[in-house]
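Encoded as structure tokens, the structure appears first; notes follow it.
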Amino acid sequence: MVTGATSEFVSAFDGSGAKRWATAVGGPVWHMTSLQVNGAPLIVAALKGGEVLVLSADGAIRYRGAVSARPTALTATAGDRPLIVVAEEAGTVTGFEIPRD
């Protein structure tokens, strides 16, 4: 299980509740989602200040993006070219393409 919090961390726990890892993300986590790209699980966190982070399954921050206001919704599309889609309080919707490694 992976969680994000206003404590500015994204953390993962195993089935017994033991913490596997915690990554400081530099701001309160407002929304989270996950997706798979090329068979690899990725975690997406949208922070209160507008930063959007993509983390690997071991908690490493792989990519960064940003929107101009507080995020109000977050999702990811499926398919060969997945997108991270963020709506923000100013009414703008932004899509980020995930780089293909």
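Side notes on the structure shown:
- Couplings 3J(HN,Hα) of segment 6-11, computed from phi: 5, 6, 6, 10, 10, 10 Hz, in residue order, whole Hz [Karplus 6.51 cos²θ - 1.76 cosθ + 1.60, θ = phi - 60°; x for Gly and Pro].
- For segment 25-40, 3J(HN,Hα) per residue [Karplus equation, 6.51 cos²θ - 1.76 cosθ + 1.60, θ = phi - 60°, Hz, x = Gly/Pro]: 10, x, x, x, 7, 9, 9, 9, 8, 9, 7, 10, 10, 6, x, 9
- The smallest convex shape that holds all Cα atoms of the chain, its convex hull, gives 90 Å³ per residue.
Read the figures in this text as sums done on the coordinates, not as results from a lab. Because the structure is a prediction, the values reported are computed rather than measured.
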